[in-house]
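Here the structure is laid out as structure tokens; the discussion comes afterwards.
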């Protein structure tokens with residue numbers, strides 16, 4: 001049976017994509033921390049969208065204040081990113097003690113949120129434009145806190161230590 005033209009074209013494109021991506025795949029295979037950092041950044045981007053979307057909904061649509069809206073959006077984003085990081089970014093490191101992982105992850109993220117929140121508050125205090133569009137202050141705070149969050153999450157939360165107490 002002969003392949004149709006579209007599936008043959010699709011196969012050629014897949015082969016070309018594999019040839020182009022092979023050096024990157026090999027590079028990431030030899031450097032798991034780099035793969036984890038990239039995946040962590042992707043999950044962080046999703047978390048930022050969840051965080052920002054929640055913040056904008058609570059602040060603009062529901063009329064919450066800057067800080068209560070920020071606190072609630074943080075809680076939502078932490079839960080989403082814990083799940084994604086556990087199942088994708090750090091799947092090889094995830095242990096069986098989910099309560100411990102979530103607790104440590106939450107504490108790490110809380111410290112990161114402290115860093116993020118300090119930047120957020122500073123931006124709001126210094127810029128009327130950021131008071132009108134608090135998502136800009138959120139973005140700056142997120143960028144500053146991301147490096148801390150990655151290192152601490154990788155070394156403290158996802159350690160594949162099932163026998164550590166919760």
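The values are calculated or read from the model by the stated rules, or taken from the named source; none is laboratory data. Computed from a prediction, not measured in an experiment: that's the story for all the values here. Virtual Cβ from ideal backbone geometry, glycine too; neighbours counted across all protein chains shown.
With the structure loaded, tell me whether residue 147 is under 14 Å from residue 40 (Cβ atoms), outside any helix (DSSP H, G or I) and either in the same structural domain as residue 38 (by TED's automatic domain parsing) or in contact with a helix residue (DSSP H, G or I) (Cβ under 9 Å, 6 or more places away or on another chain) (or both) or whether it fails that test. Answer is no for this residue.
Checking each residue in segment 95-118 for being within 11 Å of residue 142 (Cα to Cα) and surrounded by fewer than 19 Cβ atoms within 10 Å (Cβ to Cβ) picks out 114, 115, 118.
Here is a check on your reading of the model: is residue 41 surrounded by fewer than 19 Cβ atoms within 10 Å (Cβ to Cβ), at pLDDT 90 or above and under 16 Å from the mean Cα position of the chain (by Cα)? Yes; evaluated as a whole, the condition is true for this residue. Number of residues in segment 79-101 that are touching a helix residue (DSSP H, G or I) at 6+ places or on another chain (Cβ under 8 Å), part of a helix (DSSP H, G or I) and within 21 Å of residue 33 (Cα to Cα) equals 8. Taking segment 49-78 as the range and being within 15 Å of the chain's Cα centre (by Cα) and surrounded by fewer than 16 Cβ atoms within 10 Å (Cβ to Cβ) as the test, the residues that pass are 49, 53, 75.
Only one of (1) touching a helix residue (DSSP H, G or I) at 6+ places or on another chain (Cβ under 7 Å); (2) assigned to a helix (DSSP H, G or I); (3) modelled with pLDDT of 95 or more is not met by residue 68, so which one is it? (1) is the only condition that residue 68 fails. Per this entry, residue 119 is counted among residues that are part of a helix (DSSP H, G or I), within 21 Å of residue 65 (Cβ to Cβ) and either at pLDDT below 90 or over 17 Å from the mean Cα position of the chain (by Cα) (or both).
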